[in-house]
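Peer 1: Please read through the structure below; I'll follow up with questions.
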Amino acid sequence: MTVVRLTPREARRVALAAQGFHAARPGAAGHRHLAATIDRLGLHQIDSVNVLVRAHYLPAFSRLGAYDTALLDRRAWGPKRDRRLFEYWAHECSLLPLSLHPLLRWRMARADRGQAGYTGMRAFATERRAEAMALLARLRDEGPMAASDVQTGRAGWWEWSEPKRMLEWLFYAGHVTTATRRRSFERVYDLTERVIPPDIFSLPDVPEAEAQARLIDLSARALGLATAAELRDYFRLDPSDAAVAIARLVDEGTLLPAEVPGWPPAYLHRDAKYPR
(Lines give C-alpha, C1' and ligand atoms only; values in the text may rest on other atoms or scores of the structure.)
Protein backbone atom coordinates (compact mmCIF):
# COMPACT_ATOMS: atom_id res chain seq x y z
CA MET A 1 0.00 0.00 0.00
CA THR A 2 1.32 3.42 -0.99
CA VAL A 3 2.15 5.74 1.89
CA VAL A 4 2.13 9.51 1.39
CA ARG A 5 5.15 11.17 3.00
CA LEU A 6 4.91 14.80 4.07
CA THR A 7 7.27 17.17 5.81
CA PRO A 8 6.05 18.88 8.99
CA ARG A 9 5.70 22.11 7.00
CA GLU A 10 3.53 20.41 4.38
CA ALA A 11 1.44 18.79 7.10
CA ARG A 12 0.79 22.15 8.74
CA ARG A 13 -0.27 23.73 5.47
CA VAL A 14 -2.60 20.86 4.61
CA ALA A 15 -4.25 21.09 8.04
CA LEU A 16 -4.64 24.88 7.88
CA ALA A 17 -6.14 24.70 4.39
CA ALA A 18 -8.62 22.02 5.43
CA GLN A 19 -9.79 24.23 8.28
CA GLY A 20 -10.25 27.21 5.98
CA PHE A 21 -7.28 29.33 7.05
CA HIS A 22 -5.58 29.43 3.64
CA ALA A 23 -7.94 31.81 1.88
CA ALA A 24 -8.25 35.58 2.20
CA ARG A 25 -11.13 36.82 4.33
CA PRO A 26 -14.12 38.18 2.41
CA GLY A 27 -14.74 41.89 2.40
CA ALA A 28 -18.17 41.45 3.95
CA ALA A 29 -19.15 38.05 5.32
CA GLY A 30 -22.75 37.07 4.65
CA HIS A 31 -25.00 34.00 4.65
CA ARG A 32 -23.06 32.27 1.88
CA HIS A 33 -19.69 32.63 3.61
CA LEU A 34 -21.09 31.48 6.95
CA ALA A 35 -22.76 28.44 5.38
CA ALA A 36 -19.54 27.46 3.61
CA THR A 37 -17.56 27.73 6.85
CA ILE A 38 -20.02 25.59 8.79
CA ASP A 39 -20.14 22.98 6.03
CA ARG A 40 -16.33 22.90 5.88
CA LEU A 41 -15.95 22.34 9.62
CA GLY A 42 -18.99 20.09 10.06
CA LEU A 43 -19.72 21.40 13.55
CA HIS A 44 -19.50 24.41 15.84
CA GLN A 45 -18.98 23.40 19.46
CA ILE A 46 -21.29 25.07 22.00
CA ASP A 47 -20.02 26.18 25.39
CA SER A 48 -21.97 28.06 28.04
CA VAL A 49 -18.78 29.82 29.19
CA ASN A 50 -18.70 33.38 27.83
CA VAL A 51 -15.40 35.25 28.21
CA LEU A 52 -15.02 37.15 24.93
CA VAL A 53 -18.16 35.86 23.21
CA ARG A 54 -19.81 32.45 23.30
CA ALA A 55 -17.62 29.77 21.76
CA HIS A 56 -19.82 28.96 18.77
CA TYR A 57 -19.34 32.46 17.35
CA LEU A 58 -15.54 32.22 17.25
CA PRO A 59 -14.82 29.64 14.49
CA ALA A 60 -16.52 31.77 11.84
CA PHE A 61 -14.87 34.96 13.14
CA SER A 62 -11.39 33.43 12.96
CA ARG A 63 -11.95 32.52 9.31
CA LEU A 64 -14.21 35.31 8.04
CA GLY A 65 -13.41 38.25 10.27
CA ALA A 66 -16.18 40.37 11.75
CA TYR A 67 -19.64 39.12 10.82
CA ASP A 68 -23.20 39.55 12.02
CA THR A 69 -23.65 36.86 14.68
CA ALA A 70 -27.41 37.15 14.22
CA LEU A 71 -26.88 35.24 10.96
CA LEU A 72 -25.68 32.24 12.97
CA ASP A 73 -28.45 32.67 15.53
CA ARG A 74 -31.10 32.52 12.82
CA ARG A 75 -29.56 29.43 11.25
CA ALA A 76 -29.49 27.72 14.65
CA TRP A 77 -32.54 28.96 16.54
CA GLY A 78 -34.57 31.14 14.20
CA PRO A 79 -37.88 30.48 12.45
CA LYS A 80 -38.11 27.06 10.84
CA ARG A 81 -37.85 28.57 7.35
CA ASP A 82 -34.41 30.00 8.26
CA ARG A 83 -33.11 27.07 10.27
CA ARG A 84 -30.15 25.21 8.82
CA LEU A 85 -28.55 23.83 12.00
CA PHE A 86 -29.52 21.65 14.93
CA GLU A 87 -27.97 20.91 18.32
CA TYR A 88 -26.66 17.50 19.29
CA TRP A 89 -23.75 15.69 20.90
CA ALA A 90 -20.97 15.45 18.33
CA HIS A 91 -17.64 16.83 19.56
CA GLU A 92 -19.30 17.84 22.83
CA CYS A 93 -22.63 19.55 22.28
CA SER A 94 -22.46 21.27 18.91
CA LEU A 95 -24.34 23.08 16.20
CA LEU A 96 -24.48 20.80 13.18
CA PRO A 97 -25.78 21.06 9.61
CA LEU A 98 -29.24 19.52 9.33
CA SER A 99 -27.87 17.04 6.79
CA LEU A 100 -26.04 15.28 9.63
CA HIS A 101 -29.21 14.45 11.56
CA PRO A 102 -29.69 11.03 9.88
CA LEU A 103 -25.98 10.25 10.43
CA LEU A 104 -26.34 10.61 14.20
CA ARG A 105 -29.56 8.71 14.77
CA TRP A 106 -27.61 5.55 15.60
CA ARG A 107 -26.16 7.45 18.58
CA MET A 108 -29.65 8.53 19.59
CA ALA A 109 -30.79 4.91 19.35
CA ARG A 110 -27.93 3.77 21.58
CA ALA A 111 -28.88 6.40 24.15
CA ASP A 112 -32.51 5.30 23.94
CA ARG A 113 -31.37 1.76 24.80
CA GLY A 114 -29.24 3.00 27.70
CA GLN A 115 -25.99 2.24 25.88
CA ALA A 116 -24.69 5.81 25.61
CA GLY A 117 -24.63 8.95 27.70
CA TYR A 118 -23.61 9.81 31.22
CA THR A 119 -24.22 7.18 33.88
CA GLY A 120 -26.65 9.45 35.72
CA MET A 121 -28.86 9.65 32.62
CA ARG A 122 -28.92 6.00 31.58
CA ALA A 123 -31.51 5.04 34.18
CA PHE A 124 -34.10 7.00 32.21
CA ALA A 125 -33.73 4.42 29.42
CA THR A 126 -34.58 1.56 31.78
CA GLU A 127 -35.97 1.64 35.32
CA ARG A 128 -36.95 5.33 35.18
CA ARG A 129 -38.18 5.37 31.61
CA ALA A 130 -41.81 5.91 32.63
CA GLU A 131 -40.85 9.20 34.32
CA ALA A 132 -39.04 10.41 31.20
CA MET A 133 -41.96 9.43 28.98
CA ALA A 134 -44.33 11.33 31.27
CA LEU A 135 -42.22 14.46 30.84
CA LEU A 136 -42.14 13.87 27.09
CA ALA A 137 -45.95 13.68 27.11
CA ARG A 138 -46.06 16.96 29.01
CA LEU A 139 -43.88 18.58 26.36
CA ARG A 140 -46.16 17.21 23.68
CA ASP A 141 -49.24 18.65 25.37
CA GLU A 142 -47.90 21.93 26.77
CA GLY A 143 -45.32 22.88 24.16
CA PRO A 144 -41.66 23.93 24.43
CA MET A 145 -40.16 24.32 27.90
CA ALA A 146 -36.81 24.69 29.64
CA ALA A 147 -35.57 22.77 32.65
CA SER A 148 -36.32 25.79 34.83
CA ASP A 149 -39.98 25.53 33.81
CA VAL A 150 -40.32 22.09 35.38
CA GLN A 151 -37.66 21.80 38.06
CA THR A 152 -38.13 22.33 41.78
CA GLY A 153 -35.41 23.75 43.99
CA ARG A 154 -32.00 24.84 42.72
CA ALA A 155 -28.93 22.89 41.70
CA GLY A 156 -25.37 24.18 41.72
CA TRP A 157 -23.78 25.80 38.65
CA TRP A 158 -22.29 22.55 37.39
CA GLU A 159 -25.00 20.27 38.75
CA TRP A 160 -28.09 19.11 36.90
CA SER A 161 -31.48 18.95 38.56
CA GLU A 162 -33.61 15.84 38.06
CA PRO A 163 -35.76 17.48 35.36
CA LYS A 164 -32.60 18.69 33.62
CA ARG A 165 -31.10 15.18 33.62
CA MET A 166 -34.37 13.79 32.30
CA LEU A 167 -34.57 16.38 29.54
CA GLU A 168 -30.94 15.80 28.63
CA TRP A 169 -31.57 12.08 28.29
CA LEU A 170 -34.58 12.78 26.06
CA PHE A 171 -32.28 15.09 24.07
CA TYR A 172 -29.50 12.51 23.79
CA ALA A 173 -32.00 9.82 22.77
CA GLY A 174 -33.42 12.05 20.04
CA HIS A 175 -36.92 12.41 21.48
CA VAL A 176 -36.49 16.16 21.93
CA THR A 177 -34.16 18.80 20.57
CA THR A 178 -33.46 22.48 21.06
CA ALA A 179 -36.34 24.68 19.97
CA THR A 180 -34.52 27.89 20.86
CA ARG A 181 -32.24 29.50 23.45
CA ARG A 182 -33.33 32.12 25.96
CA ARG A 183 -31.38 35.33 26.52
CA SER A 184 -29.63 33.56 29.40
CA PHE A 185 -28.64 30.86 26.86
CA GLU A 186 -30.86 28.35 28.64
CA ARG A 187 -31.99 25.64 26.26
CA VAL A 188 -35.70 25.36 25.48
CA TYR A 189 -36.72 21.83 24.48
CA ASP A 190 -39.45 20.62 22.15
CA LEU A 191 -40.33 17.42 20.33
CA THR A 192 -37.79 16.70 17.63
CA GLU A 193 -40.44 16.31 14.94
CA ARG A 194 -41.71 19.81 15.68
CA VAL A 195 -38.26 21.39 15.28
CA ILE A 196 -36.38 19.47 12.58
CA PRO A 197 -37.79 20.35 9.13
CA PRO A 198 -40.00 17.57 7.70
CA ASP A 199 -37.76 17.00 4.67
CA ILE A 200 -34.90 16.11 7.05
CA PHE A 201 -36.90 14.36 9.77
CA SER A 202 -38.52 12.05 7.20
CA LEU A 203 -35.20 10.85 5.76
CA PRO A 204 -34.47 7.18 6.49
CA ASP A 205 -32.06 6.26 9.26
CA VAL A 206 -28.54 5.48 8.09
CA PRO A 207 -27.12 2.13 9.32
CA GLU A 208 -24.46 2.48 12.02
CA ALA A 209 -21.46 1.33 10.00
CA GLU A 210 -22.37 3.53 7.02
CA ALA A 211 -23.05 6.55 9.22
CA GLN A 212 -19.77 6.14 11.10
CA ALA A 213 -17.80 5.84 7.86
CA ARG A 214 -19.41 9.04 6.58
CA LEU A 215 -18.64 10.82 9.85
CA ILE A 216 -14.99 9.77 9.63
CA ASP A 217 -14.96 11.02 6.03
CA LEU A 218 -16.31 14.39 7.23
CA SER A 219 -13.70 14.47 9.99
CA ALA A 220 -10.91 13.78 7.51
CA ARG A 221 -12.14 16.48 5.14
CA ALA A 222 -12.26 18.99 7.99
CA LEU A 223 -8.81 18.06 9.30
CA GLY A 224 -7.05 17.31 6.00
CA LEU A 225 -4.42 15.19 7.69
CA ALA A 226 -4.98 13.44 11.01
CA THR A 227 -4.16 10.47 13.19
CA ALA A 228 -6.72 7.77 13.89
CA ALA A 229 -7.31 9.23 17.35
CA GLU A 230 -7.98 12.68 15.89
CA LEU A 231 -10.36 11.32 13.26
CA ARG A 232 -12.25 9.43 15.94
CA ASP A 233 -12.41 12.34 18.36
CA TYR A 234 -13.94 14.82 15.91
CA PHE A 235 -17.36 13.22 16.34
CA ARG A 236 -16.46 11.30 19.53
CA LEU A 237 -16.70 7.83 17.99
CA ASP A 238 -15.77 4.72 19.95
CA PRO A 239 -12.26 3.46 19.07
CA SER A 240 -13.53 0.13 17.74
CA ASP A 241 -16.20 1.77 15.56
CA ALA A 242 -13.70 4.31 14.24
CA ALA A 243 -11.11 1.63 13.42
CA VAL A 244 -13.61 -0.23 11.23
CA ALA A 245 -14.67 2.99 9.49
CA ILE A 246 -11.07 4.08 8.86
CA ALA A 247 -10.13 0.68 7.43
CA ARG A 248 -13.13 0.85 5.10
CA LEU A 249 -12.21 4.33 3.87
CA VAL A 250 -8.60 3.26 3.30
CA ASP A 251 -9.80 0.29 1.24
CA GLU A 252 -12.02 2.62 -0.78
CA GLY A 253 -9.14 5.04 -1.38
CA THR A 254 -10.79 7.93 0.48
CA LEU A 255 -8.09 7.95 3.16
CA LEU A 256 -4.42 7.63 2.22
CA PRO A 257 -1.96 6.34 4.84
CA ALA A 258 0.54 9.11 5.55
CA GLU A 259 3.80 9.60 7.38
CA VAL A 260 5.05 12.82 8.95
CA PRO A 261 8.33 12.86 10.91
CA GLY A 262 7.59 12.81 14.63
CA TRP A 263 3.93 11.87 14.15
CA PRO A 264 2.07 8.65 14.87
CA PRO A 265 0.67 6.96 11.74
CA ALA A 266 -1.71 9.36 10.01
CA TYR A 267 -4.22 9.57 7.18
CA LEU A 268 -4.55 12.13 4.41
CA HIS A 269 -7.93 12.75 2.80
CA ARG A 270 -7.69 12.20 -0.94
CA ASP A 271 -9.23 15.63 -1.61
CA ALA A 272 -6.91 17.52 0.76
CA LYS A 273 -5.33 20.63 -0.73
CA TYR A 274 -1.61 21.40 -0.75
CA PRO A 275 -1.48 25.22 -0.68
CA ARG A 276 1.81 26.88 -1.57
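Peer 1: Report yes if Arg214 is among the basic types (Lys, Arg) and under 25 Å from Asp73 (Cβ atoms), otherwise no.
Peer 2: no
Peer 1: On the basis of being in contact with a Lys or Arg (Cβ under 7 Å, 6 or more places away or on another chain), closer than 20 Å to Gly224 by Cβ and in a helix (DSSP H, G or I), does Ala60 make the cut?
Peer 2: For Ala60, the condition - in contact with a Lys or Arg (Cβ under 7 Å, 6 or more places away or on another chain), closer than 20 Å to Gly224 by Cβ and in a helix (DSSP H, G or I) - is not met.
Peer 1: What do you reckon, is Met108 modelled with pLDDT of 95 or more and either more than 28 Å from Leu231 (Cα to Cα) or not assigned by TED's automatic domain parsing to the domain that holds Gly20 (or both)?
Peer 2: Judged against the criteria, Met108 is a match.
Peer 1: If you check every pair at least six apart or on different chains, which have Cβ atoms under 6 Å apart with a residue in segment 233-245 that is touching a residue at least 60 places away in the same chain (Cβ under 8 Å) first and a residue that is aliphatic (A, V, I, L, M) and in a helix (DSSP H, G or I) second?
Peer 2: Phe235/Leu215
Peer 1: When you scan segment 11-49, how many residues do you find that are closer than 21 Å to Trp89 by Cα, in contact with a His (Cβ under 9 Å, 6 or more places away or on another chain), surrounded by fewer than 17 Cβ atoms within 10 Å (Cβ to Cβ) and not polar (S, T, N, Q)?
Peer 2: 1
Peer 1: Under the condition of being more than 23 Å from the chain's Cα centre (by Cα) and assigned to a loop (DSSP other than H, G, I, E, B), which residue from segment 100-151 is farthest from Asp238 (Cα to Cα)?
Peer 2: My answer is Gly143.
Peer 1: Please work out if Ala60 is crowded, with 16+ Cβ neighbours inside 10 Å and touching a residue at least 40 places away in the same chain (Cβ under 8 Å).
Peer 2: No, not satisfied.
Peer 1: Hey, another quick one. Could you grab the pairs with beta carbons closer than 6 Å, sequence gap of 6+ or different chains, first residue in segment 265-276 and modelled with pLDDT under 95, second one not hydroxyl-bearing (Ser, Thr, Tyr)?
Peer 2: Here the result reads Lys273/Ala17; Pro275/Arg13; Pro275/Ala17; Pro275/His22, each pair linking segment 265-276 to a residue that is not hydroxyl-bearing (Ser, Thr, Tyr).
Peer 1: So which pairs qualify, if the first residue must be in segment 23-45 and of a type in the set (Ser, Thr, Tyr), the second must be assigned to a helix (DSSP H, G or I), the Cβ gap must be under 6 Å, and the two must be at least 6 apart or on different chains?
Peer 2: Between residues of segment 23-45 that are of a type in the set (Ser, Thr, Tyr) and residues that are assigned to a helix (DSSP H, G or I), the close pairs are Thr37/Ala60; Thr37/Arg63.
Peer 1: So, one more: Quick check on segment 90-113: of everything there that is closer than 26 Å to Ala17 by Cα and out of contact with any strand residue (DSSP E or B) (no Cβ under 8 Å at 6 or more places or on another chain), which residue is surrounded by the fewest Cβ atoms within 10 Å (Cβ to Cβ)?
Peer 2: Ser99
Peer 1: Sort out for me the helices (runs of 4 or more DSSP H) sitting completely within segment 178-276 that have 1 or more residues that are among the aromatic types (Phe, Trp, Tyr) and surrounded by fewer than 18 Cβ atoms within 10 Å (Cβ to Cβ).
Peer 2: Filter on segment 178-276 gives 198-201.
The values are calculated or read from the model by the stated rules, or taken from the named source; none is laboratory data. Computed from a predicted structure; not experimentally measured. Cβ sites come from the backbone with ideal geometry, for glycine too, and all protein chains shown count toward neighbours.
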